[in-house]
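Participant: Below are the structure tokens for one structure; questions will follow.
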Amino acid sequence: MLGSKRDIPEVKPVEVVTIVKKAPTYHPPLPNRIDPVPVEWTVLNPELMQEYLDDLNEGNAPTNAWYALTTKGYENLSTNMAEVKRYLRQALSILKYYRELDKEEPEANE
């Protein structure tokens, strides 16, 4: 049996409030700084090369591995390293732009 109207509690309307809030942007940390290991360079000129060959014939040559670059090869290596530096500078500049953009947005919304 149903109760009387007095038994049903009064229903109050529910007020729905929508708040639009942008999700926080994740900023991953920058990678660790590059800590280059020193590289020893020796330029082999004809005198040093002859000294090495003399030591080699006597059995006293150091156990070094020698690598050679042509002038053009060295120029290309230098150009490539400059390109890496340029790329990193531009990537960091873009990262900085977006981080600054996120700092400005909360102030504009207030």
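Participant: Tell me which of these residue 59 doesn't satisfy, since it passes every other one: (1) more than 41 Å from the chain's Cα centre (by Cα); (2) surrounded by 10 or more Cβ atoms within 10 Å (Cβ to Cβ); (3) among the small types (Gly, Ala, Ser).
Facilitator: Status for residue 59: all satisfied but (2).
Participant: Return the residues of region 60-79 that are of a type in the set (Phe, Trp, Tyr) and either touching an Asp or Glu at 6+ places or on another chain (Cβ under 7 Å) or modelled with pLDDT under 85 (or both); say none if nothing qualifies. Lay out the reasoning, then the answer.
Facilitator: Narrowing region 60-79 to residues of a type in the set (Phe, Trp, Tyr): 66-67, 74.
Matches in region 60-79: 66, 67.
Participant: Determine which single condition residue 29 fails, assuming it passes every other condition in (1) in a loop (DSSP other than H, G, I, E, B); (2) surrounded by 10 or more Cβ atoms within 10 Å (Cβ to Cβ).
Facilitator: (2) is the only condition that residue 29 fails.
Participant: Determine which member of the set 84, 43 is out of contact with any His (no Cβ under 6 Å at 6 or more places or on another chain), free of Cβ contacts under 8 Å to residues at least 24 places away in the same chain, outside any loop (DSSP other than H, G, I, E, B) and β-branched (Val, Ile, Thr).
Facilitator: Numbers: 43 fails: outside any loop (DSSP other than H, G, I, E, B).
Unique residue meeting the criteria: 84.
Participant: Let me confirm something: among 51, 40, which residue is loosely packed, with under 10 Cβ neighbours inside 10 Å and acidic (Asp, Glu)?
Facilitator: Working: 51 fails: loosely packed, with under 10 Cβ neighbours inside 10 Å.
The unique qualifying residue is 40.
The values are calculated or read from the model by the stated rules, or taken from the named source; none is laboratory data. Model, not experiment: these values are computed from the prediction. Please note: Cβ atoms are built from the backbone with ideal geometry, for glycine as well, and neighbour counts cover all protein chains shown.
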